[in-house]
Each structure stands twice: as C-alpha cells, then as structure tokens.
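Encoded as structure tokens, the structure appears first; notes follow it.
The values are calculated or read from the model by the stated rules, or taken from the named source; none is laboratory data. All figures in this text were calculated on a predicted structure; none of them were measured in a lab. Don't worry about glycine lacking a Cβ; one is built from the backbone with ideal geometry, like all the others, and counts go over all protein chains shown. Note: accessible area is taken over every heavy atom of the protein model, side chains too, but ligands, DNA and RNA are not part of it. Shrake-Rupley method; radii C 1.70, N 1.55, O 1.52, S 1.80 Å.
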Amino acid sequence: MSKTAMQLVQEAKQCIDEVEAETLKQKLGDAPIIIDVREPAEYNAGHIFGAINIPRGLLEFEVEGHPAVEQKIAPSLQLKEAEIYLYCRTGGRSALAAKSLQDMGFQQLKSLAGGYLAWEAAEYPIQSV
C-alpha cells in the first residue's frame, strides 16, 4: 500500500513529541540544541536564534559529529540523550526528521508544531545570514 507524504507526516506525528513555539521560546535562555532541517537558502533568509542548519536530506548522516551540535552538549551527556528541538517551515519535515532520529536512538526529540511559520507568526526573535 502506497502512502502520500502527508500520510507519512501524520504517522510520524503520532510517534513524536511536538511543542508549541512558546515552549521553545522559553527554552532559548538554556541554549538548547535547535536544528533547522530546511534547505540552506530557507535558513539564510531567516531562522530561530541559535539554530544549526542541517538539511533534512543530510540529517541522519551529519547530526552525529557535527561540530556546532557537539559544542552544545554538556560533557556529562551523550548526543542521543540530549534534548533536541527540530523545525522546518510548517512542521512536516521536522516531524519526519524527529521520527527518523528517534529510530536511530535519540531520546529527547521535540518537533516545533507549525514550524518556522508558527514561530514567525508569534513574532519571536529571528536572525538571518
């Protein structure tokens, strides 16, 4: 049985944790690991302050060993135990990314509900390159 992209996203969302923009905003002071899974041009146009850009197509290959990610991990933690927030434009790609990383053994993944558009709509801080 074949599935549409949206069916895959809906299935992923049933297995992952999603958080609202307000929840992530409250975490910014703790300098969390935030991964923007959009393409570089999207990231460069505007992103959540402190986010690391690892496009969805490369995420599984690059998340472990990425220097910007490793800098944010407390010495007592392993990456797979760290709290990681993922987002994309609307929440679909980040849901799929969270499910994929969860399958790889990552334990504290959160996907931003509504993605960057929800963050922007709430008028939370952004930065651009």
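Assorted remarks:
- Where Pro67 falls short, out of the listed (1) open to solvent by 10 Å² or more (accessible area, probe 1.4 Å); (2) within 12 Å of the chain's Cα centre (by Cα); (3) not hydrophobic (A, V, I, L, M, F, W, C): (2)
- Screening Ile73 with (1) modelled with pLDDT under 95; (2) among the β-branched types (Val, Ile, Thr); (3) buried (at least 17 other Cβ atoms within 10 Å of the Cβ) gives one miss only, at (3).
- Looking across the range 106-129, just one residue is in contact (Cβ under 8 Å) with a residue 40 or more places away in the chain, of a type in the set (S, T, N, Q) and surrounded by 14 or more Cβ atoms within 10 Å (Cβ to Cβ), and that is Ser111.
- Residue within the range 10-25 that is at pLDDT 95 or above, in contact with an Asp or Glu (Cβ under 8 Å, 6 or more places away or on another chain) and among the small types (Gly, Ala, Ser) present: no
- Within the range 22-37, tally of residues that are assigned to a helix (DSSP H, G or I), of a type outside the set (Val, Ile, Thr) and more than 12 Å from the chain's Cα centre (by Cα): 7
- Residue, nearest to Pro32 (Cα to Cα), within the range 79-105, restricted to residues that are open to solvent by less than 10 Å² (accessible area, probe 1.4 Å) and among the hydrophobic types (A, V, I, L, M, F, W, C): Ile84
- Counting the residues of the range 38-84 that are touching a residue at least 40 places away in the same chain (Cβ under 8 Å), closer than 19 Å to Pro125 by Cα, of a type outside the set (Ser, Thr, Tyr) and in a helix (DSSP H, G or I) gives 3.
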